[in-house]
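One structure is given here, and the rest of the page talks about it.
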Ligand code: NAD
């Protein structure tokens with residue numbers, strides 16, 4: 001089987017590429033390295049340094065005729081989307097349209113898209129299911145939601161089978177200390193430098209943190225299952241920032257110092273996605289709890305592979 005992974009030089013994409021290669025796929029990576037890194041790309045993958053918005057990217061997909069396209073390349077930084085909504089929309093909407101058109105022409109058998117919990121916005125609901133209303137509060141959430149709609153309409157018009165995976169807050173090795181959901185990467189990098197951690201607000205805000213290897217397994221499950229459906233990919237449980245610090249205290253084996261600052265404007269207080277539909281229909285469930293995932297991420301930060 002042949003797969004194209006857009007964003008395969010990035011944090012999540014590089015883990016997916018690795019798994020696909022281990023499973024015997026021929027893997028092509030389309031990435032312009034704007035936030036991804038060359039060192040992240042598996043040596044057995046075929047790398048094309050291209051922008052997903054360009055004609056070259058389109059031509060490569062049409063020529064390679066992959067069985068599966070995993071579309072992960074994106075402008076994934078919420079703050080950047082607020083500062084430059086035009087750029088955010090051009091990558092996340094126009095880029096997706098370009099990859100969809102190419103996938104249609106190439107006769108791709110499955111289109112698997114990396115979406116986000118940011119499409120829901122700041123809802124009061126404790127456990128969000130896929131049928132919940134979507135009222136994004138950032139341009140990033142909006143551009144991802146628009147991309148989802150383009151995928152659905154492309155399917156209606158041209159019958160390209162798709163699966164949309166809405167990830168919770170992903171963490172793990174190779175995550176850069178910025179962008180969406182990067183608080184664990186930020187904390188680990190600060191711990192390594194013996195720097196103070198900063199907590200915005202009272203630290204009681206919670207997130208649904210999901211380990212990157214579980215995200216990869218959800219993508220693999222979507223190859224065969226979940227056609228033309230949208231799934232939350234999450235742990236269905238929450239961890240507060242204060243709990244996160246206490247886990248890190250234990251792993252680090254000495255107290256971690258932090259300061260409390262004013263809450264960040266526009267920050268969501270709680271976020272938790274139900275994974276029941278993915279469990280039933282994709283036959284996927286997370287295999288890492290937060291402590292196990294944190295231990296692996298901590299070990300990575302002190303490993304050779306991690307840069308200072
Ligand atoms: P990342 O920034 O590490 O990866 C994105 C990759 O896309 C990078 O390698 C970057 O170079 C590439 N890219 C960006 N713009 C491009 C363009 N115009 N042309 C070609 N390549 C381009 O981010 P990530 O955290 O690995 O995110 C991967 C996907 O998962 C994204 O679609 C993101 O929206 C989604 N997601 C991430 C999280 C999270 O917590 N990290 C949560 C929900 C959804």
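The values are calculated or read from the model by the stated rules, or taken from the named source; none is laboratory data. As the structure is a computational prediction, the values presented were derived from the model and not from experiment. In this analysis, Cβ positions are derived from the backbone assuming ideal geometry, glycine residues included, and neighbour counts consider all displayed protein chains.
Cβ-Cβ contacts under 6 Å between residues 6 or more apart (or on different chains), taken from a first residue in the stretch 17-40 that is over 16 Å from residue 61 (Cβ atoms) and modelled with pLDDT of 95 or more to a second residue that is part of a helix (DSSP H, G or I) and within 13 Å of the ligand (Cβ to nearest atom), are listed as 19/216; 40/14. Of the residues making up the stretch 55-80, those that are more than 17 Å from residue 104 (Cβ to Cβ) and near the ligand (Cβ under 10 Å from one of its atoms) number 7. Scanning the stretch 11-29 for residues that are within 6 Å of the ligand (Cβ to nearest atom) and either assigned by TED's automatic domain parsing to the domain that holds residue 300 or in contact with a strand residue (DSSP E or B) (Cβ under 7 Å, 6 or more places away or on another chain) (or both), we see that the one that is farthest from residue 233 (Cα to Cα) is 13.
If a residue must be assigned to a loop (DSSP other than H, G, I, E, B), over 18 Å from residue 16 (Cβ atoms) and either touching a strand residue (DSSP E or B) at 6+ places or on another chain (Cβ under 8 Å) or touching a residue at least 60 places away in the same chain (Cβ under 8 Å) (or both), how many such residues does the stretch 92-120 contain?
Here is the first cut: in the stretch 92-120, the residues assigned to a loop (DSSP other than H, G, I, E, B) are 107-109, 120.
Next, from what is left, pick out any that are over 18 Å from residue 16 (Cβ atoms): 107, 120.
If we keep only those that are either touching a strand residue (DSSP E or B) at 6+ places or on another chain (Cβ under 8 Å) or touching a residue at least 60 places away in the same chain (Cβ under 8 Å) (or both) as well, we get 120.
Total meeting the criteria: 1.
Being touching a helix residue (DSSP H, G or I) at 6+ places or on another chain (Cβ under 6 Å) and within 8 Å of the ligand (Cβ to nearest atom) narrows it down to one of 95, 8, 36, so name that one.
8
In the stretch 1-77, counting only strands (runs of 3 or more DSSP E) that sit wholly within it, the ones holding 2 or more residues that are surrounded by fewer than 21 Cβ atoms within 10 Å (Cβ to Cβ) span 46-49.
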